Amino acid sequence: MPYTVPLGPYHPALEEPFKIRTQVEGERIVSATIDVGFSFRGIERIAQGRNWLDVITLIERVCGICSNTHTMTFCMAVEKIAGVAAPPRAVYIRTIVAELERLHSHLLWAGLAAEDIGFHTLFMEVFDLRELVMDMLEAITGNRVNYGMNRIGGVRRDILDPASHLPALATLEKGLTQTIVPGFTQSRTAERRLKGVGVLSREEALRWAVVGPVARASGLCIDVRKDEPYLAYVALGFVPQVQEAGDVMARVIVRVGEMIEAIRLIRLALVSLPAGPLTAVEGAPAIPAGEATMRTEAPRGEAFYDIQSDGGPKPVRVKIRTPSFVNIPAIEPMLKGAALADLAIIQASADPCISCTDR
Amino acid sequence: MTTRPDLAAPASLAPDLSGAALNALIGALAALPGASGPQRRGRALSIALDRFEPEAVAALIGAQALRFLTITATARQAAGETELRYHLTDEHRVITLRAATRNAAIAALTPCLPVASWAEREIHDLYAVNFLGHPDLAPLFRPPGFEPGFFRPGASGTPAARAATLKA
């Protein structure tokens, strides 16, 4: 007879509070149900009471990891309504910060995944590399998290000496290719914990409408950067990463490939940074009546914003659909038939962000 | 669900729909029951529905190989009513179907498209929309002590609002 094993909402295996109720027969998971809402803050409702500039500060707090994604997506949606185009230098700087954010998000994930399978040496190596990215973000934006880079019409800070960041990128690339990739793909410890575990088939990925690395690890070649290109991704020749196996190892390989691609994009953007202004508008622009939707590829997958304006000083509606909101429910099919001992790494492989999901 | 050839595209930037395929998509949207439009705004497509038939929307998603994104709910001035925007994508554009509640209710999409469940549960929590036929409108984000609809202007279903009413 099945019995219930709850995980969470507060548990050492979870980075943030959510709850997985598993029905278990012996050591096998028969089914799982997920509960969220433990970090609900009502950010969308609060945004309706703030002016257009204050909303940027507010929604930077949707997530501590992909904070730049939220301000950038919001600003680009508002720019659509206002008919404003960010200047080329601002577009490239946004691309650089977005890809640095992807690097630090994926490195955070890789470190925690290594810890979840008891591979503490790899965890240390990953977090050592991650500090390089955090240092670059701090040098460029002034902050390690919540960068405050985006404004309506452009960015707030310049990259004054682009070439100064190239040595750190070279060190990062070397560490990734010579230590992190072999650590995950050639170690028997990692292979036995990740391969064939937590499979989400291509058909299930379509049925659950997953996004980001979770979708691409199940063979779906979807990525907003190629499908509905924005920022400088076309000019930089972005290449998406796709795997077919649908297991935890495939999600690792997709994210590692995305990190190497992010380094290439950042390096190319730094050496080809166009000259010119940082913003298309000075001060606080008036936002006319209108509405716009905007999709971007956050580190965890597609972020979606629907912004509505009546021409007043505050938005009428700020709708935020984060990638984790659609990826977290898909943990349920990943867990069916899995060993209870793999519960921690399977849920982690979706890179669930509860702060994003709950908003 | 039909095959999605664009999902198996080689590792390069996938092309947008051809003119014929885009026209077919626009035609399928215009054929939805109660549809008027569609409107184009840049790449995005938007269509208004004066009645919402979940079976027809699910059939459209299957036939056109679309992906469900989410639903935006916006409280209307008319007491208790809500505008609902069902966002879909063909990966190259956002497609928005606009509908509205009647007597604070609308047919649920979830029985035809289970992936819509969390979006409908969230809107039930925040805007008190009754999704008719939803298998389980259990609270998703609604904290204990809050009534459904606490995102609506002037909501009285929060513990603080109820306490203020009692004091008055």
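Just checking, which of A:298, A:250, A:303 is without any contact (Cβ under 8 Å) to a residue 40 or more places away in the chain, crowded, with 17+ Cβ neighbours inside 10 Å and among the small types (Gly, Ala, Ser)?
A:250 is the lone residue from the list that is without any contact (Cβ under 8 Å) to a residue 40 or more places away in the chain, crowded, with 17+ Cβ neighbours inside 10 Å and among the small types (Gly, Ala, Ser).
From the list B:99, B:79, which one is assigned to a loop (DSSP other than H, G, I, E, B), farther than 24 Å from residue A:359 by Cα and free of Cβ contacts under 8 Å to residues at least 60 places away in the same chain?
Selected residue: B:79, the only one of B:99, B:79 that is assigned to a loop (DSSP other than H, G, I, E, B), farther than 24 Å from residue A:359 by Cα and free of Cβ contacts under 8 Å to residues at least 60 places away in the same chain.
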- Task: Please tell me if residue A:232 is surrounded by 22 or more Cβ atoms within 10 Å (Cβ to Cβ), assigned to a loop (DSSP other than H, G, I, E, B), among the aliphatic types (A, V, I, L, M) and within 20 Å of the chain's Cα centre (by Cα).
- Result: yes
- Message: If I filter the stretch A:21-34 for residues that are buried (at least 18 other Cβ atoms within 10 Å of the Cβ), among the aliphatic types (A, V, I, L, M) and assigned to a helix (DSSP H, G or I), do I get at least one hit?
- Response: no
- Item | Subset of the stretch B:114-140 [within 12 Å of another protein chain (Cβ to nearest Cβ), surrounded by 21 or more Cβ atoms within 10 Å (Cβ to Cβ) and assigned to a loop (DSSP other than H, G, I, E, B)] | B:140
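Residues that are polar (S, T, N, Q) and under 30 Å from residue B:94 (Cα atoms): which helices (runs of 4 or more DSSP H) entirely in the stretch A:62-161 hold 3 or more of them?
A:67-82
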- Message: So for the stretch A:238-250 (the condition being part of a loop (DSSP other than H, G, I, E, B) and in contact with a Cys (Cβ under 7 Å, 6 or more places away or on another chain)), does at least one residue qualify?
- Response: yes
- Message: Restricting to the stretch B:102-116, give me the number of residues that are at pLDDT 95 or above and polar (S, T, N, Q).
- Response: 1
- Task: Only residues that are within 13 Å of another protein chain (Cβ to nearest Cβ) and modelled with pLDDT under 90: list them for the stretch A:18-34, please.
- Result: A:18, A:19
- Message: Just to check your reading of the model, which residue among A:292, A:303 is in contact with a Cys (Cβ under 9 Å, 6 or more places away or on another chain) and within 14 Å of chain B (Cβ to nearest Cβ)?
- Response: A:303
- Scan A:142, A:148, A:154 and give me the residue that is touching a residue at least 24 places away in the same chain (Cβ under 8 Å) and out of contact with any helix residue (DSSP H, G or I) (no Cβ under 6 Å at 6 or more places or on another chain). A:148
- Note on the structure: Among the residues of the stretch A:182-222, the number that are part of a loop (DSSP other than H, G, I, E, B), in contact with a helix residue (DSSP H, G or I) (Cβ under 7 Å, 6 or more places away or on another chain) and within 30 Å of residue A:266 (Cα to Cα) is 9
- Right, residue B:104: surrounded by fewer than 21 Cβ atoms within 10 Å (Cβ to Cβ) and more than 11 Å from chain A (Cβ to nearest Cβ) or not? yes
- Query: Out of all the residues in the stretch B:141-168, which are surrounded by fewer than 14 Cβ atoms within 10 Å (Cβ to Cβ) and under 26 Å from residue B:69 (Cβ atoms)?
  - Reply: B:153
- Message: Every residue in the stretch A:306-323 that is hydrophobic (A, V, I, L, M, F, W, C), crowded, with 20+ Cβ neighbours inside 10 Å and over 15 Å from the mean Cα position of the chain (by Cα), please.
- Response: A:307, A:318
- Just one of (1) more than 19 Å from residue A:357 (Cα to Cα); (2) in contact (Cβ under 8 Å) with a residue 24 or more places away in the chain; (3) out of contact with any strand residue (DSSP E or B) (no Cβ under 8 Å at 6 or more places or on another chain) trips up residue B:93, so point out which. (3)
- Across the stretch A:49-88, the tally of residues that are surrounded by fewer than 17 Cβ atoms within 10 Å (Cβ to Cβ) and closer than 17 Å to residue A:315 by Cα stands at 6
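The values are calculated or read from the model by the stated rules, or taken from the named source; none is laboratory data. From a predicted model like this one, the values you see are computed outputs, not experimental measurements. Counting neighbours? That spans all protein chains shown, and the Cβs are built from the backbone with ideal geometry, glycine included.
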